[in-house]
Structure formats: C-alpha cells, structure tokens
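This report concerns only the one structure given below.
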Amino acid sequence: MKENIKQEFMEVVGKDRSLHRTEELSCYAYDAFVAEAMPDLVLFPKTTQEVSAIMKTASRYKVPVTGRGAGTSICGAPVPARHGVVVCFSKMDEIIEVNTRDRYVIVQPGVVNGDLQRALAPFGFFYPPDPGSMEVSTIGGNVAQNAGGLRCLKYGVTADYVLGMKVVLASGKAVRFGSRNVKDVTGYRISELFCGSEGTLGLMTEVTLKVVPLPETTRTLMVTFNHLDDTAKSVSDIIGAGIIPTAMELLDKMTMNAIEDSANLGLPRNAAGSLLIEVDGVKEACDREIEKIIQKVRDNHAADIQVAETKPEQDRLWTARRSAYGVFAKLAPDIVTEDVTVPVSKVPEMIRNIEAIAEKHDLTMGVLAHAGDGNMHPLAPTDRTDKDHWRRVELAFKEIFEAAAALGGTLSGEHGIGIAKAPYLGLVMDKDSIEFMSVIKKAVDPDNLLNPGKFV
Amino acid sequence: MSRTTLQNCGRCGLCLSACPVYKVLKEEHASPRARLKLIQAYKNKTLPTSPVLQELVSKCLMCGRCAAMCPSGINHYGKFMEMRREMAAAHGDKIEIRSLVFMLAREYRLRAAAGVARIGRGLLPASFQKKSRLGNIPLDRFPRFPGKPLRETLPEEIPPQGTERGTVVYFTGCATNHLFADTGHASVRVLTAMGYRVRIPEGQTCCALPMLFHGAADQAGNSIQTNIQALGAAEDDPILVDCATCGAALKKEYPLLCDTLHLDSDVVAGIAARVSHITPFVLDHMDELDFPAADTALKVTSHTPCHRKHGFGGEDVVARLLKQTPGVDYRPAPDAEECCGGGGTFFYEYPEISKKMVDKKVASARTTGADIWVTDCPVCRINLAGNLDGESSMRVIHPLELIDMQLGRS
C-alpha cells in the first residue's frame, strides 16, 4: 500500500489507534485457524463515522478491508487474505442501552459476549448464544460468524437474537436494518443475512439484540451407554416427550478414555458414549423433566445415570465435557477441530464414520457432539511440522466433510466457512445457490473490497 | 508424530480473557497469544530482533494468568522470561531498570541504595514529594524506608516463647528487609508466639525473580547461588516466605534453572520441597495461637497477589485465615482475585495501563467498607497503598501484621 494512502487511513482514527509496524501487524495476521496473511495497516475505530470514513477511503483507492473482533474464529474468517486494512472493533466496546422492559440491548460490535452477560445478570436477564469463546469473543464476531454454543439446542443461535443493526456499506454509507421489535416484517430481513456473512457484505457498527429472562433453576444429569445408537434414540425420545433440554452433550469412547487418562474422573472406560443433559426453567418443571428423562434413558438401556443434586455436583458432571478440548490439545503439539453437522438421528452413524476415517488414516480422533442439534466436533491432535501426519489429517477432514454431506448434513454448524472450508462448499451447495450468493455480494460490494478471498 | 515436541500455541485466544493488560488495552498485540506468536517468528528467523519487538514482549505483568488457563498447557512464563533475556541482551533496558537489576544483584548495593533513599527522602521537600510520581504512584504515598534494614535489627536466631515446637527458617526477601520491616517483626512475633524458633540465615539475598523478569540471567545466577548456600545448610526445617514472588522463585523457578545455571538439582529440590508461604503455615497452626477477646471487630478486605494464585499455586488462603481470625469482620471484594497492575516494575514502566487496573481495585475495596486491606505481596502493597487517595483511612498491610495486631502485641 502506498505511503500517502496509509497516511490518509491513519488520519481517520489518529496515530494512537493505527498500527503500521511489521511486528504489530503480524499480530493481526491470524485467528485460531492455520492460515495467515499480513495486513498493511490495522485501524481501531471508535465510531460509525470513523468506520464510514475508512470505507470511503478504501473505496476510493480500492483497498481490501477485513473486519476483526477478538480473533477467536476457527476458520480464518478475520484473516486478511488479500492484505489491505484490518478494521479491529475491539475498542468499540460500549453497551449503548440495556432495556429489559422491552427485552432488548443495543451494543457496539466490540462488546465481549461475557461482559454483556455480566451487564444483564443484575436485571435477571441473559443473552443465550454461548460460544466456547464467549469470555473473549465479541458480539460483532459472534454475529458475523452466526455463533452457536451449548445452550442453542433450546434457545437457538445468534441469528435468532439479532433484531437490527447499523452497518457501514462498502461505499462508506451507513444504513440501518431491522428495529427493536421482535415482530418486524417491514421489508427484507437483512439483519439475518448479515449473520454468518463473515464481514463480506458490510461492517456492523451497532447491533440490537433480543435478551431473555434468566431461568429460575438448572438441573443436570450424566448418562452413559454401551451402544451409540441408544444415545441417539434417547435424544429423540426425550425431545419427542416434549422436553427441550438446554444442552445434550455427547462424548464418545475415545474422548472419555482420553479424559480418564489425564484427569481420572471415574468415567467408565468401556462405555460407547455418554450424554450430559441439562434442563432449565421453573424448579417444579425441571424436577418433572428430570424424572421423565431418567425414564427415557432407562428405556434405552442406560448403563449408568448420575443426577446432580447440588451446584458442586453439577460442576463435577460438567468437568469431563469442559476439560475435553484441553485434554486433546495436550496430546500433541497442535490440535484441529471442525464442526460438521448432521440430522440428529444420524449422529451415531456419523461418529462411526469418523472412527473409520481416523482408523484408515492412522489418526487419533475424539468426538464431542452437541447431540441435541447434531453439531459435532471431531478433535484431531497433530503436529504441523510432521508433513505426513498433517497431510493425513487434511485428508481425513476432507472425508469427514464428504461423509457429513452424504448424510444430509452440512459443513459447519457454528464456526463458519472462512478460508478453512471454502474449498468444500460444493459438497453441500449446488452451483446455482453459490452463484446466488455471488450475485448478492456483487450487488453490495462490486469492487470486492470487504473480506475478499473467502467463501464468496 | 513425535511426542517429544513442545506444545504449540493453537491460537484459540482464550488467554486474552485472562490477560489483565489485554483487558485494559483491547489490543491483540498486547496479548499473551501475540507474544507467543512474536517469539515464534523471532525463533524461526522470520522476524528480526528490534526495539519494537522488545517492547511488545515486555508489556506484560508476568502474572502467569495465561499459563494457568491455557488449554494446551503452554509455559508462557518460561518462554517470556527467555525472550526478555534475549531482548535485554540485544537492546539493553531502560536505565532505571538496569540500575534496579544492578542494585538487586548484590546485597551490599541494595543496602546502600536503601540508605541513600532514606536520606534522599528526608531531604526532599514535602510539596515536591506530593507532586512527583514514580510510575503511577505519587512519591509521598511511596512506603517510607525504615530506620534500619530488618535483618540488621534482629539476631540470626530468635528463641520461641513458651514450649518449643520446632524451628523454621525465614527467607525475608528484599522488600521485607528494606521496605516493610514491620511485616518481618510481626512475622517473627507470630511465629515465636506459636512456639517456633526462627532462624534468619545470614547471607540470604534477593530471590532473583525480578532480575530474571528483566532478562538479567547472569546477575540472577549469582543471587540464586548465594541463596542456595544460605538455605541449603539448614537441614529439614521448613523455609517460610512472606512474599509470593520469593515463594514462586524458590519453589518453581530455581528447579527449572538447574541445568542453565549448573545447580545441584538435589539441593535445589530439597529447598523447593521445604518452602511454604507463611500465610498457609500460620493458618495450619491457628490453634497454637491464643487470641485475647476482642470487643470490636476490624473490618478487613483482601487482595490476592497473582504470584500466589498463579505462580505459587494454591487457593486463596488469606480469605480462610481472615474468616478464622477472632475479631475480624471479613468483607470480601468481588474482584479480590483480579490483578492490581503492580507487576514488579510494570506500574513504573506502564503507568497508564496500571492506573486503570488499580483504580478499579481501589473503588471496589472501598465499597466493602473495610478499614484494612491485606495482601501478601510487597509490590501489590506498594501499588494499592500508593493509589489510595490522601483522605482514605484504609491501610494496606500484610496478613501477618493483622494476626500480630489481633494477638494484641503491637
């Protein structure tokens, strides 16, 4: 990028909110995915006006612009594949309005998900999407990736909570979509189109989110099974009985054994899988739901059932699930995780597919699954410097994507496409559907300035 | 796939939520993840050494929170320390930091410096002291140097009161010796009241951790050797520290440095096994203390030093100690475990960042209504006390001073 153009960009936000030295720039070349690309400039705007001025300059000189929150994406979404300017929203982190009477909040994109939860808790409210990165990831990033989380089974994903937004378009013009109303069919629901758009359509500078009251109580139980099919049958029987748990987390045999190896929690080593189930709501209702769940899992040959009666017991049951990622991360220098999603009834078949693929490529792989919504996380410990091992991991994941597609599943349930899965889009979308996305992209960003080099 | 390779940073970014500096600045280039990335780029020779690189790697409190929560189990602490050493060797350090390292490296220099500071402070007009700042702290709120260093006012061995229960070795650290002699006297009174003979070995010196943080490995090596000699001879008696950083040094850092510094690993492991923090030691022996009945309760809140929680390990024993001490109305602050921004010399090098952190702590401690704020780290103590405003009646002391007060001895 030419020096005079850099200067013009830097004048928008001032020197102390611009980065141009290599050492600093290199810290914005990555997220949690393996690919990297250096930006030419990093800017930290604080207002919509500044974002607008940045985009006007970018349009004038045809400079690529990639938005970034906290950089916890696992698919390369905020990596500036075509270089140019990274617009980092982390300092634009004000909660503009909390209105629990009308059940909405208005936030700037850099607000951290966990900070929003802490701001809502005193009012007895919460914002349901809870990605694993919630203590660091920003609302802007959550919306751009349409983030999910454990409790999305009951409450839905980010897109279900976005009521409206202010967006700066490629031209630099600022526009508003949606409103503060839960019911709103005034024109296209464009806010929803922005959920999962990964910064390719515009830069959000303000988001209005729906919030909901905190449940009175939560109850947790953990069940182990000797046959994988019984887990899936239990999941559909429980939901079929009219109970929608907040979470139904499945750990496969490999994962339970890896956790036992490192933490010794007393998980049964021979079980085929376990389900961690949590319900929330009014206390009496939760108690009844727990009873019904116990009955359903018994009908499906549960090998062992543990019901938490106290908060510490609840935490103890969650320990296995919470430690799973760390356990796998410590098995080898690197770890790769994906988030293919299949219809709920196909979860056991998909797990068997993953096991077979891992065996074929001589890899260790564990599976964590949000069993209630079919969203699965195969975990593969690896070593990027070991070329042969890395190649086998890449091959295995390609086959996992193909297997998910064959079962009527999809590439990503909550992480997004980014750079990681762009090559596999054709597995789950036909040519015309991909073309339709390009048509939209070209209409709003004809010069392909917004996060170029990604899935569209 | 080789199993011996070191863990790589998976760049998950979870450490950002633990990093006090990131939380203030909201800048990736000031995060633990970025520091690891920069260190890796430097090692791979894709990024040459530079003053900018040094600054990015050093803008860190060395609080250890990132390492404590890393899912991949990366030793950020060791990597940062090594990189700081390389950067200091390549680019030097600020003159003030170099002087600090020079001073800490030899006990006699430290003594001389404390003496000069004592006199200097006496000569400075009060109005000047009020206006001038050392980092984020106004000079007149800096602790006063005691008349004489602690160890010069105490014999090498102090006999117990009443029945003798055993002997403990007291490693006083620089801060208690030169700045907070009151903590030292209180500790000795509490330990002897419990029936312990207290040995304060001559020849002990700075634990060397501050020097290691500033990349001064050679100077640190000398001090470490000196301390091993002073402590190694003392048989099996427990070694007590009143500073979490000294504790982390003796217990965790010395054993890691055996190869580099050619230390006798058996002796070092022996010392490490004997080291305890004085606060849990007293907590374990509370029934050996006889507290007089108190008619009014002292309102007390606490601050947990990062090096006790994340460097030295263990739960928040101060909270338990306060709950068990008669005549104490313990009022926990919701953010008692958050970093205060002291971080060794961090408050001096990055006063704007540090100030934001400490102001939050002070505001929250105030809301508890406590009159006494206890913490068992000298730097936290300087930083917290230095940032209370003039009108505040709150005092910051070491928990042992509180125990001593409650025993009715001072």
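Taking a ≥ b ≥ c as the square roots of the eigenvalues of the Cα gyration tensor, region A:216-330 is oblate, since a/c reaches 1.5 or more and a/b is not larger than b/c. Exposure proxy ranking for A:195, B:19, B:340, based on other Cβ atoms within 10 angstrom of each Cβ and starting from the fewest, stands as A:195, B:19, B:340. The value of relative contact order for chain A, using C-alpha pairs under 8 Å at least six residues apart, is 16 percent.
With axes computed from alpha carbons, what is the tilt in degrees of helix A:3-13 against the longest principal axis of chain A, rounded to the nearest 10 within 0 to 90? Taking Cα atoms only, the helix is inclined about 70 degrees.
Okay, helix-only estimate at 222 nm for chain B: each DSSP H run of n ≥ 4 adds -39500 (n - 2.57), divide by all residues, round to 500 deg cm²/dmol; what do you get? Mean residue ellipticity at 222 nm (helix-derived): -14000 deg cm²/dmol. Seen against the Cα atoms of chain A and their longest principal axis, helix A:48-61 is set at about 70 degrees. Using the Cβ-Cβ distance between residue A:316 and residue B:264 with R0 = 45 Å, the FRET efficiency computed as 1/(1 + (r/R0)^6) comes to roughly 0.60. Counting Lys +1, Arg +1, Asp -1, Glu -1, what net charge surrounds residue A:235 among other residues with beta carbon under 12 Å of its beta carbon? That sum, taken over residues with Cβ under 12 Å, equals -2. The convex hull around the C-alpha trace of region A:44-147, projected and averaged over every direction, spans 7.0 square nanometres. Relative contact order of region A:250-365: 25 percent, from C-alpha pairs under 8 Å at least 6 residues apart in sequence.
DSSP bridge analysis restricted to chain B gives an antiparallel fraction near 15%, rounded to the nearest 5.
What percent do you get for the relative contact order of chain B when only Cα pairs under 8 Å and 6+ apart count?
Worked out over chain B, it gives 16 percent.
When both region A:57-128 and region B:154-183 are represented by their alpha-carbon centers, they are found 54 Å apart. Past 30 Å, Cα to Cα, is the threshold; run A:56/B:26; A:2/B:79; B:43/B:355; A:296/A:421 against it and keep the listed order. From A:56/B:26; A:2/B:79; B:43/B:355; A:296/A:421, over 30 Å: A:2/B:79; B:43/B:355; A:296/A:421. Once backbone amide H atoms are built at 1.01 Å from N, residue A:150 has A:130 as its partners under 5 Å, excluding neighbours fewer than 5 places away on the same chain. Each stretch of four or more DSSP H residues adds -39500 (n - 2.57); spread over every residue of chain A, this sum gives -11000 deg cm²/dmol at 222 nm.
Quick one: of the DSSP bridges fully inside the protein assembly as shown, what percent are antiparallel, nearest 5? Rounded to the nearest five, the antiparallel share is 70 percent.
Read-outs: derived from the displayed coordinates by stated rules, not from any lab. Every value quoted in this text rests on a predicted model; they were computed, and no experiment measured them. Glycine also receives a Cβ, built like all others from the backbone with ideal geometry; neighbour counts cover every protein chain displayed.
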